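The block underneath contains the structure these notes are about, expressed in structure tokens.
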Amino acid sequence: MQVAVGAGVVSLGYLAFGGYLLNRYEGIGVRSLSLFSILWGANFLSAAAVIYAFSNFGITNGSQLTQLGSQVPTSLQPVLISVDFLAGLFTVSGIFVWLWFVLQYTQRIGRREKTAIAVLGGVTFLVSAVNGLTGAAAAFGLLEIEPALRTSFHEFATVFEVLGTSVAIGVGIALLYTTATRHQPFRSRSVVGLSLAIVFPWLVGYLYQFGLVTEFASVSALRASALTLGLGGLWLTVTRDNIFEQLPASRTVGRQTAFDASDTAIVVVNNAGNVSDLNPAARELFGVSELDSIGAPLASLLPETVDSDAVRQSEPITFEMPAGDTVVEAATTTATDDSGQAIGETIVFTDITDERRRQQRIQVLNRVLRHNLRNDLNVAQGYVDVMTDADSDTEQYQTKIESIFGKLVTIGDKAQRTETVLAADPLANSATELSVLIEDAVTSIEADTESVPISVSVPAETAVRINPVVIQSIIEELLSNAIRHSGCSEITVSYEPEATTLVVTDDGSGIPSHEITVLDNAEETALEHGSGLGLWLIKWGTDSFGGRATFDTDDTGTRVRIKIPADLVDEA
């Protein structure tokens, strides 16, 4: 009896320590460790109370439990059943709360960890509860169960409970040890202190349950020793090592937060090439959900034209997303474990669309301007040389030189206009009627439209939230290009509401195929270049607000389609 009292006193120490933690400390893990200490103390206090009661009625050995019905008063039997039942529940609850503390303290608890603990802990708790309740009721003769069935269920429940709790304790100790090796302020002795509080009392419980120690005095003595050792380990770990003043989870949380909050798409794959994790930016880039992606092959994320094996190589590769003109660069880094063994790759997908566009604009402007300036100035220089000949027709060559210079001035003006469009914010807070924008564009090039009728059929209620400087410049260039270069006799401007697309049609000779090829390839080459900046202004301006310009030329003329994002169109 005295030994049982001693075990109860130490158990009260756990209850007091739980209260001390709540009053003295704050931060992540304090409440869960406090709850564990309280549950652990309540567990062994209940067990000590049951053993104390048994001893009062002359039952000092586990083999004598069959005599409970005759030796324990009927009025006390329900009480002892309830206390013994609660002790079993406290045991399982305490172990999984301890694991919860470890997860909180060492790393962020995600949805998967919460689900795993809930499932494993809940099932183990349920099996333990049913086993303890039926066992106690059968021992008091309150429930008659066939001995063979009772034995089978008890063996199954015991094995299941051992497996469930041992997994929880093993995972917790492994996480603590791993943290001690990676987070220098957290020491190995802290791992020992936190583990002592749960391992030895847990082992003592199963020494009795498996019949290795059946004398209640011996069981109580072992419990008192294990609990004292565990309480001392907890006290020293918290007070001497100051574990709540440095939080290892901050490292994991910081990394995970950076991973989740990054605007850059990041995908982690294992050695088999299957997706292990991906951040929100990656899910948005590839248009997938986390549930559908985790465990799927990397190839399922990528466009069909991209080789997943090539992406996993160390050399960065670039590719274009199938929807839109988004250009992505994939850079891969091999992920290794603590021993340096490769366990997969981390792939960073960087949207380099803007960078590519800047490079393209510099290339186009450089080549177009150099080409026109060099060629036209060479021609002008030739005319000047001819004009020095006394027999030459000076007035004729002067006219040609003025024409060349006028063309160069036009190119300069268009270059400045292109720069203005690209520098402008493409979106507007308020919507402007599309018909008004077209009318203003027609008015601005009125001198050029006197000989070419323009038919406009655009609904008056259609408005767009696009900067008028951008969209009107695009429309002006479309009309001017049709009038000056195609030799058309009529221009039609229409709008397709369902496709949210502006269509400009002419019946002229059409845009030369090499001009469209340059736009489709998104670059200019030495042998294949555009004649000017007009088409580039249309393409770049449309790209700036997320639209798309397509050119269709045949024997009947040219149709230019400007796709406007639906979210930028208001139908009043």
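Data for the structure
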quantity	calculated
Contacts under 9 angstrom Cβ, first residue in the range 38-62 being in a strand (DSSP E or B), partner at pLDDT below 75 and not small (Gly, Ala, Ser), 6 or more apart	Asn61/Thr214; Asn61/Glu215; Asn61/Phe216
Sole residue being at pLDDT 85 or above and either of a type in the set (Val, Ile, Thr) or touching a Leu at 6+ places or on another chain (Cβ under 6 Å) (or both), chosen from Val379, Val386, Val368, Val348	Val348
So Leu478, is it at pLDDT 90 or above, in contact with a strand residue (DSSP E or B) (Cβ under 7 Å, 6 or more places away or on another chain) and buried (at least 17 other Cβ atoms within 10 Å of the Cβ)	no
Test: residue in the range 452-460 that is among the β-branched types (Val, Ile, Thr), modelled with pLDDT of 85 or more and either assigned to a loop (DSSP other than H, G, I, E, B) or under 42 Å from the mean Cα position of the chain (by Cα) (or both)	yes
Flag if Leu80 is at pLDDT below 80, part of a helix (DSSP H, G or I) and of a type in the set (A, V, I, L, M, F, W, C)	yes
Residues of the range 461-489 classified as of a type in the set (S, T, N, Q) and assigned to a helix (DSSP H, G or I), total	4
Hits in the range 22-48 - residues which are farther than 15 Å from Val97 by Cα and either among the β-branched types (Val, Ile, Thr) or crowded, with 19+ Cβ neighbours inside 10 Å (or both)	Phe44, Leu45, Ser46, Ala47, Ala48
Residue match in the range 288-303 (condition: farther than 30 Å from Phe545 by Cβ, in contact (Cβ under 8 Å) with a residue 40 or more places away in the chain and surrounded by fewer than 18 Cβ atoms within 10 Å (Cβ to Cβ))	no
Wholly within the range 271-379, strands (runs of 3 or more DSSP E) carrying at least 3 residues that are more than 30 Å from Val421 (Cα to Cα), small (Gly, Ala, Ser) and in contact with a strand residue (DSSP E or B) (Cβ under 9 Å, 6 or more places away or on another chain)	327-336
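Okay, residues lined up against (1) buried (at least 20 other Cβ atoms within 10 Å of the Cβ); (2) modelled with pLDDT under 80; (3) under 45 Å from the mean Cα position of the chain (by Cα); (4) at positive phi:
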residue: Arg187; (1), (2), (3), (4): no, yes, yes, no
residue: Ser195; (1), (2), (3), (4): yes, no, yes, no
residue: Gly205; (1), (2), (3), (4): yes, yes, yes, no
residue: Leu222; (1), (2), (3), (4): yes, no, no, no
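The values are calculated or read from the model by the stated rules, or taken from the named source; none is laboratory data. If you're wondering where the values come from, they're calculated on a predicted model, not measured in any experiment. Cβ sites come from the backbone with ideal geometry, for glycine too, and all protein chains shown count toward neighbours.
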